[in-house]
């Protein structure tokens, strides 16, 4: 993916859905309390945003996990990415966010994207997914 935005000034938010404003939502993280805020989450890493833009489909007991040992890959357990669909990377102004941990940042206000980059899920399955 050609990136027209300098690293450092922008953050990235990935979603399988396209919308005009990235809204504050309650997040759930089973390992880190910092990951459980009512906020807009964004990352310094476009690869992390891509993982979330792939979406998820499958059984009700399926889960999506991102662990440091897997690098910048999303692990799909009893589920899979949204094959043959589109995903969206939202480019956001970093100045509206505070650092939480690692590459993650949060804003407690809705965010209007600087740009929205469309991706094809199938293009990122091999490079960004572990499917069990």
Can you spot a residue in segment 56-69 that is touching a helix residue (DSSP H, G or I) at 6+ places or on another chain (Cβ under 7 Å), buried (at least 18 other Cβ atoms within 10 Å of the Cβ) and within 15 Å of residue 128 (Cβ to Cβ)?
-> no
Candidate set from segment 77-106 (those that are crowded, with 16+ Cβ neighbours inside 10 Å and under 14 Å from residue 131 (Cα atoms)); member that is farthest from the chain's Cα centre (by Cα) | 79
State whether one or more residues within segment 32-41 are part of a loop (DSSP other than H, G, I, E, B) and either at pLDDT 95 or above or within 25 Å of residue 127 (Cα to Cα) (or both).
-> no
Unique match (being farther than 19 Å from residue 96 by Cα and at pLDDT below 90) among 63, 57 = 63
Hey, could you check segment 1-31 for residues that are modelled with pLDDT under 70 and outside any loop (DSSP other than H, G, I, E, B) and say which is surrounded by the most Cβ atoms within 10 Å (Cβ to Cβ)?
-> 7
Residue 109: under 27 Å from residue 6 (Cβ atoms), modelled with pLDDT of 95 or more and in a loop (DSSP other than H, G, I, E, B), yes or no?
-> yes
Filter segment 66-76 for residues that are modelled with pLDDT under 90 and closer than 14 Å to residue 127 by Cβ; which is nearest to the chain's Cα centre (by Cα)?
-> 72
Where in segment 45-97 are there strands (runs of 3 or more DSSP E), lying wholly inside it, with at least 2 residues that are touching a strand residue (DSSP E or B) at 6+ places or on another chain (Cβ under 9 Å) and farther than 17 Å from residue 22 by Cα?
-> 57-65, 74-80
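The values are calculated or read from the model by the stated rules, or taken from the named source; none is laboratory data. Quantities reported herein were computed from a predicted structural model and do not represent experimental measurements. Note that we place each Cβ from the backbone using ideal geometry, even for glycine, and neighbour counts take in every protein chain shown.
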